[in-house]
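Here, each number is a calculation from the coordinates, and none is a lab measurement. Only a predicted model underlies this, so the values are computations on that prediction, with no experimental measurement involved. Cβ: placed from backbone, ideal geometry, glycine included. Neighbour counts: every protein chain shown.
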Amino acid sequence: MTAQILDGKATAAAIKSELAVRVAALKERGVVPGLGTVLVGDDPGSRWYVNGKHKDCAEVGIASIQRELPATATQQDVEDVVRELNADPACTGYIVQLPLPKGLDQNTVLELMDPDKDADGLHPTSLGRLALGIQGPLPCTPLGIVELLRRHQVEIDGAEVVVIGRGVTVGRSIGLLLTRRSENATVTLCHTGTRDLAYHLRKADIVIAAAGVPHLVKPADVKPGAAVLDVGVSRSEGKIVGDVHPGVAEVAGWISPNPGGVGPMTRAMLLNNIVEAAERRADG
Ligand SMILES: Nc1nc2c(c(=O)[nH]1)N[C@@H](CN(C=O)c1ccc(C(=O)N[C@@H](CCC(=O)O)C(=O)O)cc1)CN2
């Protein structure tokens, strides 16, 4: 068997076209959605991601608000920018690019954000709303994964899902999303303390690998026909190495490429959160 591709690049492009139509409709009502970003420090990867977010905004007609601080910025400097964006009426929502440089308290910064302007779905209130089933912005990578599966008609209802990794942007929240009644999956969260990862993987209809460990998911551990999403990013000689061994494509039914899978979907879902927030506000 050779797996079918969960094409994040093409799917994200389709979503962006749909969003551009919604942004145009908002503009006819006098509403211009605006995305703000806060980038602290000089990590080239983070800069690349933030630049990509603004390129996406330009493509769909969302206004961009860029705030940059040097690596020497203090906690107070970052908090001042957060307060400024909280008060800026042109900013529908914003993100603080993670991770913040060492020495800055990420959770305090996230908590200071106005939850109604949380574009990432990572504010404690947004995660609380997700847990309680109250409408609010959803975390972009988990939402991108669900959308990627849906748009490729991969059955989520009743599926056994194994997530590897307990980081805040993916592993912690995706279980909350996939176990909602609307998705209805059964989710096992594996991490570095999991005794027998292969045991869990062999039962999984859907595998979401977000551990950041190169080629952690081996062909022998994957159930034939399973959908495998590779979210892990490690680098070797400038190239991305994912969490999924290339041989898995011979066993799986579906596989997301990396790059070109979940990454572009994360970006598209950020735009989606901004457009939804602008529509909610415009509808009063
Ligand atoms: N505030 C946030 N910080 C971070 C998030 C996040 O969702 N919110 N996620 C990641 C970084 N990220 C977005 O910010 C992100 C990562 C990867 C991609 C992407 O499109 N990747 C490409 C490959 C790019 C490359 O060659 O390096 C792909 O997968 O095709 C987009 C966004 C951590 N921080």
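Across region 1-45, what is the number of residues that are more than 18 Å from ALA63 (Cα to Cα), surrounded by fewer than 18 Cβ atoms within 10 Å (Cβ to Cβ) and out of contact with any His (no Cβ under 9 Å at 6 or more places or on another chain)? Residues flagged as more than 18 Å from ALA63 (Cα to Cα), surrounded by fewer than 18 Cβ atoms within 10 Å (Cβ to Cβ) and out of contact with any His (no Cβ under 9 Å at 6 or more places or on another chain) within region 1-45 amount to 10.
Against the list (1) in contact with a helix residue (DSSP H, G or I) (Cβ under 9 Å, 6 or more places away or on another chain); (2) within 12 Å of the ligand (Cβ to nearest atom), the condition SER46 fails is (1).
Of all residues in region 234-274, those that are β-branched (Val, Ile, Thr) and within 7 Å of the ligand (Cβ to nearest atom) total 3. The residue of region 225-243 that is farthest from PRO264 (Cα to Cα), among those that are aliphatic (A, V, I, L, M) and assigned to a strand (DSSP E or B), is ALA227. Among residues of region 241-260 that are without any contact (Cβ under 8 Å) to a residue 24 or more places away in the chain, none has a Cβ under 6 angstrom from a residue that is basic (Lys, Arg) and within 12 Å of the ligand (Cβ to nearest atom) at a sequence gap of 6+ or on a separate chain. Of the residues in region 211-224, none is closer than 30 Å to ARG280 by Cα and either in contact with a strand residue (DSSP E or B) (Cβ under 7 Å, 6 or more places away or on another chain) or surrounded by 18 or more Cβ atoms within 10 Å (Cβ to Cβ) (or both). Between ASP157, ASP120, ASP88, ASP105, the distinction of being within 13 Å of the ligand (Cβ to nearest atom) and of a type in the set (Asp, Glu) belongs to ASP120 only.
Does region 218-233 hold any residues that are away from the ligand (no atom under 16 Å from the Cβ) and in contact with a Ser or Thr (Cβ under 9 Å, 6 or more places away or on another chain), and which are they? Result: ALA227, single match.
ALA71: without any contact (Cβ under 8 Å) to a residue 24 or more places away in the chain, of a type in the set (A, V, I, L, M) and away from the ligand (no atom under 12 Å from the Cβ), yes or no? In short, no.
Does ILE208 satisfy being in contact (Cβ under 8 Å) with a residue 12 or more places away in the chain, buried (at least 20 other Cβ atoms within 10 Å of the Cβ) and under 20 Å from the mean Cα position of the chain (by Cα)?
In short, yes.
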